[in-house]
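> Following this message is one structure expressed as structure tokens.
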Amino acid sequence: MTALALALAEWAHELQPDPADLELADRSLRDTVAVALAASGHPVTRLAAALPDGARWAVAAHVLDFDDLHMESTTHISALCVPTALATGGGARGYLAAAGVMARLGAALGWPHYSAGWHATCAAGAAVALGLDPGQIATAIALAIPGAGGVQRAFGTDAKSLQAGFAVDAGIRAARLAAAGAQADWSALDAWLALVGGDPGALDLAGPAVPGGLAIKIYPCCYALQRPISALAELAGEGLDPDAVRRIVLRTPEAAVAPLIHHRPDTGLQGKFSLEYAAAAVVLDRHPGFASFTDEAVRRPAARRLAGLVETELTPGGSWLLDGELAAEVHTGGAVLAVKQQFPPGAPRRPPTAGELQAKLTDCMTGLDAEPSSWTWQDAAQVLARFLPADGRR
């Protein structure tokens with residue numbers, strides 16, 4: 001029986017991207033680099049200034065929680081795989097190899113363990129970028145396993161984005177060690193997958209490079225908030241007076257809000273994982289953006305009043321963040337506004353429009369002298385190095 005690490009390694013080594021794969025890669029490049037640059041002044045990005053290039057860039061790409069998501073595996077693919085490919089010179093093919101392995105391994109891990117599986121996937125992408133053969137790629141994956149894992153209690157703290165940086169660092173390091181001749185037991189991945197309750201039989205090497213595509217975020221917060229925010233935004237756009245709101249009722253499967261662990265947030269990072277605050281922010285800000293997720297914004301008296309009015313009715317079960325649908329009601333003194341939504345803008349089944357993508361890139365580039373449309377896989381590393389230098393100074 002072929003070790004999973006070798007099966008994934010052979011797939012990555014033989015990958016020949018088609019035009020649709022390359023189009024996804026180019027969109028991911030622009031989206032991820034723009035989000036990383038938008039975080040150039042963030043305190044956590046400054047804390048990460050001492051990390052190597054790929055790790056430092058991954059922290060910046062993830063700290064605003066504005067990076068893309070693979071729905072089937074519930075993994076933040078591009079925040080890790082774009083920096084890995086750029087730091088190792090892997091280009092679009094290196095990115096797609098890393099992303100494809102990450103998506104497949106994440107799907108095999110399953111919903112209960114969706115926050116795991118990062119490190120080994122970065123090793124695969126870095127190993128492809130370094131031109132290693134399948135056996136060396138499998139070794140890199142196995143070498144990265146001891147450092148694998150991220151925990152959901154990190155959500156809303158500095159640790160969440162730092163975990164992403166550690167993952168990229170571990171993956172690149174493992175690939176370089178494999179290139180230098182280090183050896184490892186390829187079956188380490190099989191053993192690890194069994195340890196965390198994954199399903200080896202769910203590993204499917206067929207289909208496009210990234211099966212199911214990627215979800216693009218329209219709002220800079222946890223993906224579990226994209227649907228509630230976009231649904232409530234439809235109601236807020238009708239001229240809703242925040243002072244008139246008396247109740248906000250949200251009904252959805254419990255799986256759809258699994259990451260939303262902060263019910264009374266006190267910081268901007270916690271607000272990105274709070275259903276109650278997100279509802280308040282929509283009513284107050286209409287289109288929650290970067291300014292909606294600062295410490296000061298979360299602590300607004302009006303936001304705290306509205307957050308206290310949120311009632312949730314959760315249906316048991318579910319197996320992904322867009323399970324079922326979201327039904328929202330906003331009760332005012334004399335009316336009840338209601339809306340239902342299954343797929344928010346940016347979801348693979350509701351792809352972002354050109355206007356939505358451009359608006360996001362424009363927001364990210366505010367105050368920065370950079371043009372996303374000009375970025376390529378050959379020069380984007382130089383863009384990141386310029387705005388996110390190793391010493392933290394520009």
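> Has segment 76-91 got any residue that is hydrophobic (A, V, I, L, M, F, W, C) and touching a Lys or Arg at 6+ places or on another chain (Cβ under 7 Å)?
No, because not a single residue in segment 76-91 is hydrophobic (A, V, I, L, M, F, W, C) and touching a Lys or Arg at 6+ places or on another chain (Cβ under 7 Å).
Here is a yes/no grid of residues against (1) among the aliphatic types (A, V, I, L, M); (2) closer than 17 Å to residue 386 by Cα; (3) over 22 Å from the mean Cα position of the chain (by Cα); (4) open to solvent by less than 60 Å² (accessible area, probe 1.4 Å):
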site	(1), (2), (3), (4)
6	yes, no, yes, yes
12	yes, no, no, yes
22	yes, no, no, no
31	no, no, no, yes
37	yes, yes, no, yes
41	no, yes, no, yes
49	yes, yes, no, yes
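> Can you find a residue in segment 169-191 that is closer than 19 Å to residue 261 by Cβ and either of a type in the set (Phe, Trp, Tyr) or in contact with a Pro (Cβ under 7 Å, 6 or more places away or on another chain) (or both)?
no
> If you don't mind, there's one more thing I want to ask. Out of curiosity, is residue 340 charged (D, E, K, R) and within 27 Å of residue 25 (Cβ to Cβ)?
Criteria not met by residue 340.
> Do the conditions hold for residue 301, that is, is it touching a Cys at 6+ places or on another chain (Cβ under 8 Å) and at pLDDT 95 or above?
No: the conditions fail for residue 301.
> Looking at 322, 284, which is the one that is of a type outside the set (S, T, N, Q) and part of a helix (DSSP H, G or I)?
Of the residues listed, the single one that is of a type outside the set (S, T, N, Q) and part of a helix (DSSP H, G or I) is 284.
Let's see how each residue does on (1) open to solvent by 40 Å² or more (accessible area, probe 1.4 Å); (2) farther than 19 Å from residue 219 by Cα; (3) part of a strand (DSSP E or B):
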residue	(1), (2), (3)
305	yes, yes, no
311	yes, yes, yes
317	no, yes, no
330	no, yes, yes
347	no, no, no
360	no, no, no
366	yes, no, no
370	no, yes, no
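> Let me ask something else about it. Would it be correct to say that residue 269 is modelled with pLDDT of 95 or more and either within 14 Å of residue 307 (Cβ to Cβ) or crowded, with 24+ Cβ neighbours inside 10 Å (or both)?
no
> Restricting attention to segment 180-220, which residues are in contact with a helix residue (DSSP H, G or I) (Cβ under 7 Å, 6 or more places away or on another chain), open to solvent by 50 Å² or more (accessible area, probe 1.4 Å) and either among the aromatic types (Phe, Trp, Tyr) or not in a loop (DSSP other than H, G, I, E, B) (or both)?
186, 200
The values are calculated or read from the model by the stated rules, or taken from the named source; none is laboratory data. Fair warning: this is a prediction, and the values are worked out from it, not measured in the lab. Neighbour counts are summed over all protein chains in view; Cβ atoms, including those assigned to glycine, are modelled from backbone coordinates with ideal geometry. Remember, those area values only see protein heavy atoms, side chains included, never the ligands or the DNA or RNA. Shrake-Rupley method; radii C 1.70, N 1.55, O 1.52, S 1.80 Å.
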